[in-house]
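Coordinate-derived values only; no laboratory data. Here the structure is a predicted model, which means the values were calculated and not measured. Every residue, glycine among them, receives a Cβ derived from its backbone with ideal geometry; neighbour counts consider all protein chains shown.
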Amino acid sequence: MKNILEKLKKKTIKNIFFPKNLVISLGGGALENLETREFLLNNSTVIYLKTSPEIIYERIKNNTSRPLLCGNMSVEKISEILEKRIENYQSATYTITTDNKTPNKIAEEIIGVL
């Protein structure tokens, strides 16, 4: 089932990617797939919105639809997931730290790097 979902994600990203000049908000695991990551890095500007585990926890603590956190919603588990993914996240074209910033400030920073 996981393999089917990965293929579907990959196909969806490639299909919606054209026409150009789109902003696509991807989930945290989108860069886990090597082919998808390379496609995105070679065909777009990838921005990693870096957020501390504590802030992520505060934002999603009441969300029950997070499969990797189901049954273990904690700052520690979020830290573990981020640590596993950090190398892929660091491959992004730009990194913007979002902690203690308003959505407008984050948007301004994104526009600034584009």
Among the residues of region 88-106, are any surrounded by 15 or more Cβ atoms within 10 Å (Cβ to Cβ), in a helix (DSSP H, G or I) and in contact with a helix residue (DSSP H, G or I) (Cβ under 9 Å, 6 or more places away or on another chain)? yes
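Answer yes or no as to whether Thr102 is in contact with a Cys (Cβ under 8 Å, 6 or more places away or on another chain) and at negative phi. Outline the logic, then answer.
Details: in contact with a Cys (Cβ under 8 Å, 6 or more places away or on another chain): no; at negative phi: yes.
Taking the combined requirement at face value, the residue does not satisfy it.
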Return the total of residues in region 54-100 being under 23 Å from Asn33 (Cβ atoms) and not polar (S, T, N, Q). 21
List every residue pair whose Cβ atoms lie under 7 Å apart, where the two residues are 6 or more positions apart in sequence or sit on different chains, the first residue falls within region 98-112 and is within 11 Å of Leu49 (Cβ to Cβ), and the second residue, located anywhere, is basic (Lys, Arg) and surrounded by 10 or more Cβ atoms within 10 Å (Cβ to Cβ). Thr98/Lys50
Output the number of the condition that Ser79 fails; it satisfies all remaining conditions of (1) part of a loop (DSSP other than H, G, I, E, B); (2) among the polar types (S, T, N, Q); (3) over 23 Å from Leu40 (Cβ atoms). (1)
Within region 34-44, the count of residues that are within 13 Å of the chain's Cα centre (by Cα) and part of a loop (DSSP other than H, G, I, E, B) comes to 0
When you go through Ile56, Ile60, Ile13, Ile24 one by one, which is the residue that is under 26 Å from Lys101 (Cα atoms), buried (at least 16 other Cβ atoms within 10 Å of the Cβ) and not small (Gly, Ala, Ser)? Ile56
